[in-house]
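Encoded as structure tokens, the structure appears first; notes follow it.
The values are calculated or read from the model by the stated rules, or taken from the named source; none is laboratory data. Small disclaimer: the values here were computed from a predicted structure and weren't measured. Cβ atoms come from the backbone with ideal geometry, glycine included; neighbour counts cover every protein chain shown.
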Amino acid sequence: MLDNLLSTPGVEEIVQLRSTFGFMAFHGGGLEKVTDIVAAEAAERSDASYYGVLHPDDIELHVPSKHFDPAHSPGLASFLDHVDVVVAIHGYGRKHLRWDLLLGGTNRPLAGHVAGHLRSRLPPYRMIVELDQIPPELAGQHPDNPVNRVRNAGVQIELPPLVRWYWEKWEWSDHGDAGRAPQVEALILGLAESARAWVPEGDLDGWTS
């Protein structure tokens, strides 16, 4: 399914290799709006690597995360081989969870680390790290999900529309003439800070407090 998606007119695949910390947004563009903007800018500001797939506004093909197989994309394969950990940015909508950012994926220490940085930047929003409080279909636990294919796995962050929408301009942030919503800027800052501050557990040997 991934090779079909990438061969679809208007679909753009982006690979930027920098550090071994990575950000992803492979449902970006017109599919899960603003996710690619958040991931790409957080990566640039933290000198992290970035993988994105941008979908045109009129596309109806939604490839599930577990079907993003690196065997069907040299770009994805090179990204997954390059990074040690990754944060994948997605969008979701649930009325009863509209203030909640869901931090799934199988690297739970990294999920807690990222959540701590985001809480300080986005106090009105709730960072949900406990897996039993995240709907299973949004928890990013499947082994074939790209967020779990890298060496030390990663975190899947699901963003509700409330954090991606510029309410004063009545438009998605960074779309049309809306400009950047304040909470989107805060989100990007928090993610970039978390990437710069992340120290892999194995690298703590010999450190003193």
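For this structure, a couple of remarks:
- Strands (runs of 3 or more DSSP E) contained in the stretch 5-106 and holding at least 2 residues crowded, with 23+ Cβ neighbours inside 10 Å and touching a strand residue (DSSP E or B) at 6+ places or on another chain (Cβ under 6 Å): 21-29, 49-55, 85-91, 100-104
- Filter result for Pro124 (touching a residue at least 24 places away in the same chain (Cβ under 8 Å), more than 17 Å from Arg45 (Cβ to Cβ) and surrounded by fewer than 14 Cβ atoms within 10 Å (Cβ to Cβ)): yes
- Scanning the stretch 161-169 for residues that are surrounded by fewer than 18 Cβ atoms within 10 Å (Cβ to Cβ), among the charged types (D, E, K, R), at pLDDT below 95 and assigned to a loop (DSSP other than H, G, I, E, B) turns up at least one hit.
- Of everything in the stretch 67-97 that is at pLDDT below 95 and of a type in the set (D, E, K, R), the residue that is farthest from Asp36 (Cα to Cα) is Lys95.
- Of all the listed residues (Gly176, Gly140), the sole one being part of a loop (DSSP other than H, G, I, E, B), on the phi > 0 side of the Ramachandran plot and surrounded by 14 or more Cβ atoms within 10 Å (Cβ to Cβ) is Gly140.
- Meets criteria (under 16 Å from Phe23 (Cα atoms), in contact with an Asp or Glu (Cβ under 7 Å, 6 or more places away or on another chain) and not acidic (Asp, Glu)) for Ile188: yes
- Scanning the stretch 143-153 for residues that are surrounded by fewer than 16 Cβ atoms within 10 Å (Cβ to Cβ) and either of a type outside the set (Asp, Glu) or out of contact with any helix residue (DSSP H, G or I) (no Cβ under 9 Å at 6 or more places or on another chain) (or both) yields Pro143, Arg151.
- Taken as a whole, the stretch 12-24 holds at least one residue that is out of contact with any Cys (no Cβ under 8 Å at 6 or more places or on another chain), small (Gly, Ala, Ser), in contact (Cβ under 8 Å) with a residue 12 or more places away in the chain and under 26 Å from Ser194 (Cα atoms).
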